[in-house]
Amino acid sequence: MIRLLIDTNIVLDVLAKREQFYKEAAELFSLADSDKLVLTVSSLTFANTNYILSKLKSGKEARVILRKFKVLVETLSLDDKITELALNDDRFPDFEDGLQYYSALENEIDIIITRNKKDFKNARIPVLTAKEYMAKHDVSK
């Protein structure tokens, strides 16, 4: 089964219901809920998402949202190797993007899904937006 790493911006599109981006992102999570693909996020995504949701809602509400969200995704650990790789790779000036990328690479993820493709231009695995993924992949099987 195909495994996708979902970048934090896509998670926020769904959980914060960002109108312009919600539809395609929600379709991905619906496919995961139907066991048509596996969605993964780095543990960093949970921390960042909690921080942002806590600014939009109460901390308690943010945790409730994240608990429900957790059943749809597999959480990838950040370890010493991933941190070291991200710290020492100048191809990813944004440290967080490096962490996301190496989380995907080290966990043999098939595709990274993000709205910021330019941040992953040096990736050795495919990087698509949610809209591009939905257009290119037949997941109805």
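The values are calculated or read from the model by the stated rules, or taken from the named source; none is laboratory data. This structure is a prediction, so every number in the text was calculated from the model and none was measured. Note that each Cβ is placed from the backbone with ideal geometry, even for glycine, and that neighbours are counted across all protein chains shown.
So the values come out like this:
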item: Conditions (1) hydrophobic (A, V, I, L, M, F, W, C); (2) in contact with a strand residue (DSSP E or B) (Cβ under 8 Å, 6 or more places away or on another chain); (3) touching a residue at least 60 places away in the same chain (Cβ under 8 Å): number failed by Phe21; result: (2)
item: Failed item, numbered, when Phe92 is tested on (1) closer than 18 Å to Ile6 by Cα; (2) of a type outside the set (Gly, Ala, Ser); (3) at pLDDT 95 or above; result: (3)
item: Region 1-58, subset over 16 Å from Ala135 (Cα atoms), part of a helix (DSSP H, G or I) and small (Gly, Ala, Ser), residue farthest from the chain's Cα centre (by Cα); result: Ser54
item: In region 85-105, the residues that are in a loop (DSSP other than H, G, I, E, B) and touching a residue at least 12 places away in the same chain (Cβ under 8 Å); result: Asp89, Arg91, Phe92, Asp94
item: Condition check for Asp119: more than 23 Å from Met1 (Cα to Cα), modelled with pLDDT under 95 and part of a helix (DSSP H, G or I); result: yes
